[in-house]
Amino acid sequence: RIDKTLGAIVAITELGEVGEGHILVGDGAVYYDATFDAIVFTPILQEVIEGLVVETVEFGAFISIGAMDGLLHVSQITDDFMSYDGKNGRLVSKAGGRSLAEGDHVRTRIVAISINEREPRESKIGLTMRQHALGKFEWLEEDRKPKSDADE
């Protein structure tokens, strides 16, 4: 379940007091007031978050960032032009020789959030890697190495 104020409820860790049940007219279910402790995932705008590439498609990559997946649009991966290599299922940069594929670990920033409480699967999280210190972990390591080490 997703709540706009709480986020995605991942697990109930402890159930506290359970009140008396209520039946609503026209609804056969019984509803109880209850107190509980829960683990929740709440995406926050501009938050830097690490994730795993779970799928690459022509228009970008889907990144698992916990209880939800975010979309990393192809224009938000690098400053370089990225194209989709359908044969190998990866996104490849035109000039830099960098690629992004399923299973890659990345650091991204949340730039858009649209939570749909009624249809949680329709919720959308937009991501970017076009800022300093964001990107695929391998790229970040390459960028941190001094030029003399990279040339050897």
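The values are calculated or read from the model by the stated rules, or taken from the named source; none is laboratory data. Keep in mind that what you see is a predicted model, and the values were worked out from it rather than measured. Note that we place each Cβ from the backbone using ideal geometry, even for glycine, and neighbour counts take in every protein chain shown.
Selection of region 1-21 for residues being surrounded by 11 or more Cβ atoms within 10 Å (Cβ to Cβ) and either of a type in the set (V, I, T) or part of a strand (DSSP E or B) (or both) yields I2, D3, G7, A8, I9, V10, I12, L15, V18.
With respect to the stated conditions, G103 is part of a loop (DSSP other than H, G, I, E, B), assigned by TED's automatic domain parsing to the domain that holds I63, under 12 Å from A61 (Cα atoms) and in contact with a strand residue (DSSP E or B) (Cβ under 8 Å, 6 or more places away or on another chain).
Restricting region 36-66 to residues that are without any contact (Cβ under 8 Å) to a residue 60 or more places away in the chain and under 30 Å from G16 (Cβ atoms) leaves a set whose member that is surrounded by the fewest Cβ atoms within 10 Å (Cβ to Cβ) is D37.
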